[in-house]
Amino acid sequence: MKWGVLQFPGSCDERDALNACQIAGGGVNESRLVWHEETDLSGLEGIVVPGGFSYGDYLRAGAIARFSPAMTAVAEFAAAGGPVLGICNGFQVLCESGLLPGALLTNERTRFICRQGELVVGEADSPFLAGLEAGQRISIPFKHQSGRFFAPPDLLEEIEAKNQVAFRYAPGQNPNGSLNDIAGVTNEAGNVLGLMPHPEHAVEAFGGSTDGLALFRGPAPAAGAAA
Amino acid sequence: MSEATHRELGLTDGEFELICEKMGREPNGVELAMFSLLWSEHCAYKHSRKLLKNLPTEGPRVVMGPGENAGAVDIGNGYSVAFKVESHNHPSAVEPFQGAATGVGGILRDVIALGARPIAILDSLRFGEPDTERTHYLVDGVVRGIGHYGNSMGIPTVGGEIYFEPPYEQNPLVNAMCVGLARTDEMVRAAAAGAGNKVVLFGSLTGRDGIGGASVLASAELDEGDDAKRPTVQIGDPFEESKLLECCQELLAEDLLVSLQDLGAAGLTSSAGEMASAGGTGIDIDIGLVPLREADMEPFEIMVSESQERMLAVVEPDKVDQVLALCTKWQTASSVIGEVTDSGTFRILKHGETVGEIRVDDLVDGCPLYDLDPQEPAEWTYANRETIEADASPSDIALSLLASPSIASKRWAFDQYDSIVGSRTVHRAGTADAAVLNIPESNRAIAISIDGNGRRVACDPFQGTVEATLECAANLAVVGAEPLGVTNCLNFGNPEKPGVAWQLGRAVDGLAAACNALEAPVVGGNVSLYNETPQGPIYPTPVVGMVGELPDPAHVAGEGWRGGDAIALVGPFDPSLAGSELEKQRGQLGKGLPEGEIAPVKAAIELVREAVRSGAIRTATDVSDGGITTALAELAIGSGVGCEADLHPVMARRSDNPEDALFGEGPGGFVLAGEKAELEKLGGRGVDFELIGEVKGNEVIVKAGDARVEILVEEAAAAFDSLEDRIESDQAGLTH
C-alpha cells in the first residue's frame with residue numbers, strides 16, 4: 001500500500017511512521033514522505049500525519065500545521081474517503097483542521113510522559129481497525145505533553161453515541177486526564193482516525209510489541225480493492 | 001555592555017602582556033574580547049591540556065579522535081558512530097531549565113557538525129541532597145530542560161544517571177552525551193580549506209544572549225550574586241535546531257560543503273578561529289553581513305555572542321547559491337559572511353573596513369599552558385553527615401539503601417524523556433544497565449553507558465576513576481557489548497588549588513590506566529573546572545561515557561529473572577564499605593579505597609559478555625552502589641519475584657565481615673541468573689564463580705554469617721520508588 005507520510009518543519013516521528021508503513025507492507029518500499037508544501041497526493045492510497053512538534057508547536061500544538069498547503073490536500077483526500085491516520089502531533093493537527101472532533105490539551109500533570117501502555121479498542125467502524133476486535137487490548141507506547149482529550153459535553157456525548165471512539169486507555173492507565181479515557185477518535189465516516197499513542201513505535205519485536213502493525217495493515221484490503 | 005579591561009575579562013596580567021608581545025601592540029576592544037574567550041579555561045584547556053596528553057587516543061576502529069567536534073568509531077558496513085559528552089554546569093546552576101536545554105542543544109550540534117544524525121542522548125546529573133528547596137528547583141528545571149530540547153528535536157534520551165550528594169548543592173552538574181550515526185565517507189571535518197572559498201553562517205539570528213558565557217560562567221567559581229549572571233545564559237530553541245539538523249543532513253548528502261562547524265562557547269570567534277587553525281588558513285569575517293537580532297550590536301558583541309542554533313560552513317563559490325537555497329527550504333536564515341584566505345590571519349571587518357586583526361596561531365594556540373601544583377590533602381576534606389540509626393538492622397539498612405536518592409528509581413525523570421523516537425531503542429533508560437540501540441544499517445546494535453561516582457573518586461581519585469571506567473565496561477558486558485571508544489567529562493573544582501590539582505591528575509591517570517587495559521581509546525571529551533562555591537569544591541567527578549557494539553540485539557539479557565532460576569556471583573568482587581553508600585549514610589566517609597587489579601575484572605567482563613551473547617543467560621547485572629543485596633533487591637523488584645541467597649562463599653573467600661558481604665561495594669562483581677546447568681558452565685573458566693542462591697518467593701532473603709536481610713519484595717519496591725514524592729518540586733505544575 002502506498003502511504004504518504006507528511007513532513008513539516010519540526011516533525012519528529014515521520015521516518016518512524018514511514019518505517020512502520022514499510023514493515024506493514026511486508027518490507028515493500030512504496031511509501032514516501034510528503035513535504036508540507038506539496039499539494040499533489042495522486043497515487044497515494046493512505047496518509048499519515050506523524051508525531052513531533054510541527055512548527056515547534058508554537059502558538060498551540062498543531063495550530064500552524066493546519067494551514068500548510070499539504071493539509072489542504074489532505075482535507076480533500078479525506079473528503080474523498082481516503083484513509084488518514086493522525087498520530088500524536090498528527091492527531092492534534094487533524095483536530096485543529098476540523099477533520100476530527102475535540103481538542104488535545106496539556107496533560108493534567110503538565111509534564112511530558114513517555115511509557116508503554118495498554119489501549120482498549122473501541123466500537124468505531126474504521127478501516128484502520130479492520131484487524132482489531134472491539135474490546136481487544138493492545139500494547140502501544142505513548143509519549144506527549146499535550147494529550148488530554150477534551151470535548152464539550154454535547155460533543156462528547158455525540159462522539160460516544162456515534163461510536164467514534166477508536167481507542168481508550170486501559171482502566172487505570174489514563175496518563176493525561178483525557179475525558180472518558182479517550183486515546184483516539186475517528187470522524188463520522190471512519191476513514192480519518194487520530195490517536196495520541198504511537199502505533200508506529202510498536203512494529204518491531206526488539207521494541208517489545210508489534211501491536212501497532214494492525215493499524216497500518218487495516219486499510220490495505222480496501223485500498224487494494226480501490227486500486 | 002561596554003568594553004572591559006583584561007582583568008574583568010578573566011585574563012591575567014601575564015597573559016595580557018603575552019598578547020601584547022605576540023601582536024607587537026596592545027589589542028583593541030574587539031581583539032581583547034576575542035582573546036579573553038579563546039584563552040579562557042573553557043576554550044584553551046590551559047590547566048588540563050598537559051594532563052590529557054596521557055590518555056590513549058588511538059585504536060583500529062577510531063575514525064575521528066580528540067580535536068574534532070566529537071570523536072567517532074567505525075561500526076562496519078561503511079558507518080560510524082560519533083559521540084561526545086559535554087558539561088553545562090554553571091549555566092544550569094544559574095538558570096536550570098535553559099542551562100540544561102542548551103547543554104543538550106550544544107552537544108547535539110557537535111555531533112551534527114560531523115555530518116552525523118544524532119540517535120541518542122544520555123545525561124549524567126548531580127545535585128545536592130533532595131531535601132532542600134534549591135535541589136527541588138534545580139532537578140525540576142534540569143529534567144524539564146533536557147526533555148524539552150531532546151523531545152522537541154526527536155532525539156531519544158535513552159539513559160543516564162543521577163546522583164545526589166551535598167557537595168553539588170550549589171554547583172549541580174549537567175553533563176549531556178550525544179551519539180550520532182553517519183556514513184563514514186560523508187563525515188565532514190571542521191578544517192577550513194581553499195583560499196577564496198566562502199564562509200556561510202546559517203541558523204538563528206545573532207543576538208546579545210550568552211555574551212561572555214564561556215569566560216564569565218564556565219571559567220570561574222560560582223559565588224553569591226550569580227543571579228545577576230542570568231543574562232549570560234543562552235536561550236534554546238529546539239525548533240530552530242531541528243530545522244538546522246535536517247538542513248545540514250541535506251547539505252552534506254548533496255555534497256555542498258567543504259567543512260562544517262557549530263557555534264558554541266565563544267561563538268563566531270571560536271568557530272571561525274578553530275576552522276582556520278585546523279586548516280592552516282586565514283579567515284576574513286565581515287560582521288556587517290551577520291544577520292542580527294538587534295540592529296545596534298557592537299563588533300565585539302557579534303564576535304562573541306553565544307546565540308544558539310547556528311552553524312558555520314565553508315563552501316566553494318559556485319555552490320553558494322545551492323546552499324542558500326537549501327537553507328531557505330528549511331526556513332533557516334543564511335548569509336555569506338566571509339572568505340577563507342591564505343594569510344594565516346583572522347581579520348574582522350565591518351562593511352569592508354578592518355576592525356580587528358589577529359594571527360590565527362596566536363589566538364587559537366597561543367594561550368600558555370600551565371603546570372599544576374598538585375598536593376595530596378592529608379585528610380578527608382568533605383563533610384560527613386549521619387542519616388541512619390547506628391543500631392539499624394541489616395533489613396533496615398537494605399531498605400535505607402534502596403531508598404537512598406542516588407540508588408532509588410529515577411523512572412519519574414526518565415518517563416519525562418522520549419526514549420523511543422527514531423525506532424532504534426532496544427533497551428531504554430532504567431530497563432538495563434546500558435542503553436541498546438539497533439543499527440540495521442551495519443547489521444548490529446550499539447550499547448551506551450555513562451557513569452561516574454564522584455563520592456568514590458573523592459575517596460581515591462585514581463581508583464575511583466578506574467572503577468567508573470570499569471563500571472561502564474561492565475554495563476556494556478551485561479547486554480553483550482564490547483567497548484569501542486570512550487568519551488569523558490572531567491568535572492572538578494579550581495585547579496589552581498593544590499588539592500584539586502592532585503585529584504585531577506590522579507583521576508586522569510586512572511582513566512588512562514583503565515582505558516589502556518580495556519583497549520578502549522578516548523576519542524573525545526570535555527573539561528569543566530572551577531566547579532566550586534564559597535562552600536567548597538564539588539566531589540571530583542570524571543564522567544565516563546562508553547560506546548560498544550554487539551552482534552545481535554535479540555540476544556540482550558533482560559533484567560527480569562524467573563522463579564526457579566539459580567543465582568551466581570561472577571568476578572573478582574572484593575566488597576568493602578570504604579566509600580560505600582552505607583558508609584555515607586553512617587557519616588563515616590574517609591580517604592582511600594581498596595586497590596584492585598584491572599586484569600581480573602577485565603577477564604570477568606569478557607566472560608559475562610560471552611555468556612550473554614550466547615543467549616544462555618537471561619539475567620545479568622553488575623554489582624554497583626549498595627552492594628550485592630541492593631543488586632539482588634533491584635532484580636526482585638524488576639520482576640516481582642524474590643530470592644534466597646547465602647553469601648557464605650563470598651565471606652569464606654574474602655572478608656569475614658557480614659556487612660562487607662551484604663552492602664560492600666567495589667569493582668568486578670556480576671550477579672547472573674538463569675538455569676543452573678547453564679550458569680555452571682561459567683565455572684572453571686579462570687574467573688571467580690560462585691552459586692549463591694535461587695529465585696523464589698515474595699521476599700528478598702540474603703544471609704551472610706549471622707546477619708540476615710529479610711524484606712518483602714513489595715517493601716523493597718516501595719523504598720526503591722520513594723524518591724519521586726521527595727523530589728517533586730514545589731513549583732510542579734509550572735510549564736515553560
Options B:ILE628, B:GLN463, B:VAL200, ranked by Cα towards positive dipole end of chain B, top entry (Cβ charges):
B:VAL200
With θ taken as phi - 60° and the coefficients 6.51, -1.76 and 1.60, list the Karplus ³J(HN,Hα) couplings across segment B:52-67 in order, rounded to whole Hz; mark glycine and proline as x.
5, 4, 7, 7, x, 10, 10, x, x, 9, 6, 9, 9, x, x, x
Threshold 40 Å², segment B:330-362 residues less accessible with all protein chains present than alone (1.4 Å probe)
B:TRP330, B:GLN331
For segment B:326-337, Karplus couplings with θ = phi - 60° (6.51, -1.76, 1.60), whole Hz, Gly/Pro x:
5, 4, 5, 4, 8, 6, 10, 5, 8, 7, 6, 10
Can you give me the angle between helix B:627-639 and the longest principal axis of chain B, using Cα atoms only, in degrees from 0 to 90, rounded to the nearest 10?
90 degrees
For chain A, what is the charge dipole size about the Cα centre, in debye to the nearest 20, if Lys and Arg each add +1 at the Cβ and Asp and Glu each add -1 at the Cβ?
520 debye
Answer in debye to the nearest 20: the dipole magnitude of segment B:557-722 about its Cα centre, from +1 Lys/Arg and -1 Asp/Glu charges placed on Cβ, is 380 debye
Relative contact order, percent, of chain A when contacts are C-alpha pairs under 8 Å separated by at least 6 residues?
21 percent
Acute angle (nearest 10 degrees) that the helix B:267-279 long axis makes with the longest principal axis of chain B, alpha-carbon atoms
90 degrees
³J(HN,Hα) across segment B:524-532 via Karplus (A = 6.51, B = -1.76, C = 1.60, θ = phi - 60°), whole Hz, x for Gly/Pro?
x, x, 8, 10, 10, 10, 6, 7, 8
Whole Å is fine, so just give me how far the alpha carbon centre of segment B:260-286 lies from that of segment B:359-428.
34 Å
Whole angstrom only: what separates the Cα centroid of segment A:114-173 from the Cα centroid of segment B:491-516?
55 Å
Would you grab the residues whose amide H sits under 5 Å from the one on B:GLY282? Only those 5+ places off in sequence or on another chain, please, with H modelled 1.01 Å from N.
B:THR341, B:ASP342, B:SER343, B:GLY344, B:THR345
Mean residue ellipticity at 222 nm from the helices of chain B, using -39,500 (n - 2.57) per DSSP H segment of n ≥ 4 over the full residue count, to the nearest 500 deg cm²/dmol?
-10000 deg cm²/dmol
On a 0 to 90° scale, report how tilted helix B:29-38 is relative to the longest principal axis of chain B, with both axes built from alpha carbons and the result rounded to the nearest 10.
20 degrees
Tell me which residues come under 5 Å, amide H to amide H, from B:ILE75 once H is placed; ignore anything under 5 positions away on its chain.
B:SER80, B:VAL81
Name the residues of segment B:403-420, by number, that are at least 40 Å² less accessible with every protein chain in place than in the isolated chain; the surface is that of heavy atoms, probe 1.4 Å, without ligands or nucleic acids.
B:ASP415, B:GLN416, B:ASP418, B:ILE420
Can you give me the relative contact order of segment A:1-93 as a percent, contacts being Cα pairs under 8 Å and 6 or more apart?
34 percent
Note to self: with every protein chain in place and a 1.4 Å probe, segment B:557-722 gives an accessible area per residue in Å² of 37 Å²
Using only alpha carbon pairs under 8 Å that are at least six residues apart, calculate the relative contact order of chain B and give it in whole percent.
16 percent
For A:GLY52, residues with placed amide H under 5 Å, excluding near neighbours:
A:CYS12, A:ASP13, A:ASN89, A:GLY90
Give me the percent of accessible area attributable to carbon and sulfur for the protein assembly as shown, probe 1.4 angstrom.
47 percent
With every protein chain present, what is the per residue accessible area of segment A:3-226 (1.4 Å probe, Å²)?
36 Å²
Got a sec? Which residues of segment A:6-42 lose 20 Å² or more of accessible surface with every protein chain in place, vs. that chain alone, 1.4 Å probe?
A:PRO9, A:GLY10, A:CYS12, A:ARG15, A:ASP16, A:TRP35
Can you give the accessible area buried between chains A and B, summed over both chains, with a 1.4 Å probe, in Å² to the nearest 100?
2600 Å²
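The values are calculated or read from the model by the stated rules, or taken from the named source; none is laboratory data. From a predicted model like this one, the values you see are computed outputs, not experimental measurements. All Cβ positions, even for glycine, are placed from backbone atoms using ideal geometry, and neighbour counts span all protein chains on display. Surface areas here come from the heavy atoms of the whole protein model, side chains and all, with no ligands, DNA or RNA. Shrake-Rupley method; radii C 1.70, N 1.55, O 1.52, S 1.80 Å.
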